[in-house]
């Protein structure tokens, strides 16, 4: 796969000037030259094969050669609501969910959460999504919502109707079946959800499931859930 660079600008075949940090990285850090070819993308679902015409310290002029269709998305929405793990584990979580095709990520504020996310995580995580998308080839960015309290999240009417809440305990079914209509999954903090939080989820139509007999860390559970539900794009469940 060609080197990929992101811009928020509208792109069309023709001449285009890239500015800002991406242009600096391309020209000064990576030291590309006129005549080199790269892929530009802006999150609109397409990618734009481009040839470098000229470079400055913070500007790169391209000839955009085409608008190419390169759909690497799941065939259905996949929303992950998750309490945040500590430190770098949160960055790892965002990177991997982006790679796995998750449509939207919602940082959750729950009763037992150690990390209480601030609004600033949206900008931070969005930068991480862009970097992961450059690497994995996604042409649509995983959305990152502002932190949301549990009662507001489980009551949202814009989530897919197939809604799973991951929980430990006996008598729960395993998370294994995705819906072709779309899926939402909620993962609590290391201490799990409170009985009151579970009751509120059930009252709003969520179904409890687990990922087996072992207690997983937050980021492990979220990644495993994204793999299991995202695998449905190969053979969509009925």
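Read-outs: derived from the displayed coordinates by stated rules, not from any lab. None of the values given here were measured: they were computed from a predicted structure. Don't worry about glycine lacking a Cβ; one is built from the backbone with ideal geometry, like all the others, and counts go over all protein chains shown.
Results, tabulated for the structure shown:
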{"item": "For segment 1-122: span of alpha carbons on each principal axis (Å, largest first)", "result": "55, 33, 22"}
{"item": "Shape of segment 97-238, Cα gyration tensor, a/c cut at 1.5", "result": "oblate"}
{"item": "Part-to-part distance (alpha-carbon centres) for segment 101-121 and segment 154-204, which is given in Å", "result": "15 Å"}
{"item": "Förster radius 25 Å - calculated FRET efficiency between residue 10 and residue 156 (Cβ-Cβ, nearest 0.05)", "result": "0.25"}
{"item": "Equivalent ellipsoid semi-axes - Cα gyration tensor, segment 4-69, angstrom", "result": "18, 12, 10"}
{"item": "The chain: antiparallel DSSP beta bridges as a percent of all, rounded to 5", "result": "40 percent"}
{"item": "Rg/Rh (Cα only; Kirkwood hydrodynamic radius) as it applies to the chain", "result": "1.05"}
{"item": "Pairwise label distance in nanometres, residue 231 with residue 202, each label 7 Å out on the Cα-Cβ vector", "result": "2.8 nm"}
{"item": "Pairwise centroid distance, computed over Cα atoms, of segment 24-80 with segment 133-149, Å", "result": "17 Å"}
{"item": "Nearest-ten-degree value, helix 218-230 long axis tilted from longest Cα axis of the chain", "result": "80 degrees"}
